[in-house]
């Protein structure tokens, strides 16, 4: 999503109230700015639904790593209605299934954090036979950036697996 270098950590134990307010603001939210675009600095668009944008990360240190981003600027799961929450998780599940169908990982991990980018999103991070299962998950592993052709090929394969699922 858009670079958030304007939101630098001040060194306090937690974000200052002003920093946190800036991070929460929809008008300065990097995910609001570019989660819907075909390509951005961090990822490429797999699909959009009524609820989310599903993106393939450019960093493919974990082959198939995707991010499912809520369309609306909501900062926490607790703020969603039960129906909206269900739709969000259905898209996350569909992304996981597309990753499994495309990359055959040993396990898919699902991470919802938001302390650095408070816009509801879920990291869908496949774990492969070459990954250490005793090591904590790190979305910044690598980085391993694919060539343009290899990224496009991975995108087309995941998109086909996404589209093949019955909703």
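The numbers here are math on the coordinates, done by the rules we state, and not lab data. What you are looking at is a predicted structure, and each value in this text was computed from that prediction instead of being measured. Here the Cβ positions follow ideal geometry from the backbone for every residue, glycine too, while neighbour counts run over all protein chains shown.
Over the Cα atoms of the chain, what radius of gyration and what Dmax do you get, in Å?
Cα-based Rg and Dmax for the chain come out at 15.9, 48 Å.
At 222 nm, what value in deg cm²/dmol follows for the chain if DSSP H runs of at least 4 each add -39500 (n - 2.57) and the sum is divided by all its residues, to the nearest 500?
Details: 4 runs with 52 residues, N = 167.
Rounded to the nearest 500, it is -10000 deg cm²/dmol.
Would you mind calculating the relative contact order of the chain from Cα pairs under 8 angstrom and at least 6 residues apart, reporting the percent as a whole number?
Details: 268 pairs, mean separation 37.5, N = 167.
Reported relative contact order: 22 percent.
Select from 99, 46, 139 the residue whose mean-square fluctuation is largest in a Gaussian network model of the chain (Cα-Cα springs shorter than 10 Å).
139
Please give the helix 82-103 orientation as an angle from the longest Cα principal axis of the chain, in degrees from 0 to 90, rounded to the nearest 10.
Helix 82-103 and the main axis of the chain meet at about 40 degrees.
Measure out, as a whole number of angstrom, how far apart the alpha-carbon centroids of the stretch 124-156 and the stretch 12-36 sit.
Distance between centres, Cα-based: 26 Å.
Please compute the modelled spin-label separation between residue 144 and residue 93, points set 7 Å along Cα→Cβ, answer in nm with one decimal.
Once both label points are built, they end up 2.9 nm from each other.
Okay, which of the stretch 91-132 sit inside 19 Å, backbone N to the point 7 Å along the Cα-Cβ direction of residue 160?
Residues 95-105 fall inside that zone.
Report the gain in length on full extension from residue 21 to residue 81: 0.36 nm times residue separation, minus Cα-Cα distance, nm rounded to one decimal. It would help to have the intermediate numbers written out before the result.
On the way: separation 60, 0.36 × 60 = 21.60 nm, distance 2.29 nm.
Gain on stretching residue 21 to residue 81: 19.3 nm.
Specify the residue with the greatest mean-square fluctuation among 130, 102, 28, computed from a Gaussian network of the chain linking alpha-carbon atoms under 10 Å apart.
For the chain, modelled as a Gaussian network with Cα springs under 10 Å, the answer is 130.
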